[in-house]
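Novice: One structure is given below, represented as structure tokens, and several questions about it will come after.
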Amino acid sequence: MSAPSVFTVSGMTCQHCVASVREEVSELAGVEDVQVDLASGQLVVTGSAEPSAVRAAVADAGYEVVG
Ligand code: 9UX
């Protein structure tokens, strides 16, 4: 059981953006749960995914992990 990883995503402006990020990150190996908040840009990934893979998945969806 691993602690959730928290990222900040820039560029999301609607709930479809949120769904796109959620779907891309959910496909990564080791991911158990993905929560995305539009207002804050906060992305919370539960599971064992590599941070670099999360960043790449967010980029594939058309957005960017910042910070
Ligand atoms: Mo709607 Mo979110 O075009 O980019 S998917 S604003």
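No lab work stands behind these numbers, since they all come straight from the coordinates. Fair warning: this is a prediction, and the values are worked out from it, not measured in the lab. Every residue, glycine among them, receives a Cβ derived from its backbone with ideal geometry; neighbour counts consider all protein chains shown.
Novice: Restricting attention to the stretch 41-64, which residues are more than 16 Å from the ligand (Cβ to nearest atom) and closer than 13 Å to T8 by Cα?
Specialist: Across the stretch 41-64, the qualifying residues are Q42, V44, V45, P51, V54, R55.
Novice: Do you know which residues across the stretch 20-67 are more than 15 Å from V6 (Cα to Cα) and touching a residue at least 12 places away in the same chain (Cβ under 8 Å)?
Specialist: S20, E23, E24, E27, L28, A29, G30, D60, A61, G62, Y63
Novice: Kindly list, by first and then second residue, each pair from a residue in the stretch 1-18 that is touching a residue at least 60 places away in the same chain (Cβ under 8 Å) and of a type in the set (A, V, I, L, M, F, W, C) to a residue that is assigned to a helix (DSSP H, G or I) and away from the ligand (no atom under 16 Å from the Cβ), limited to pairs with Cβ atoms under 7 Å and residues at least 6 apart or on different chains.
Specialist: F7/V54
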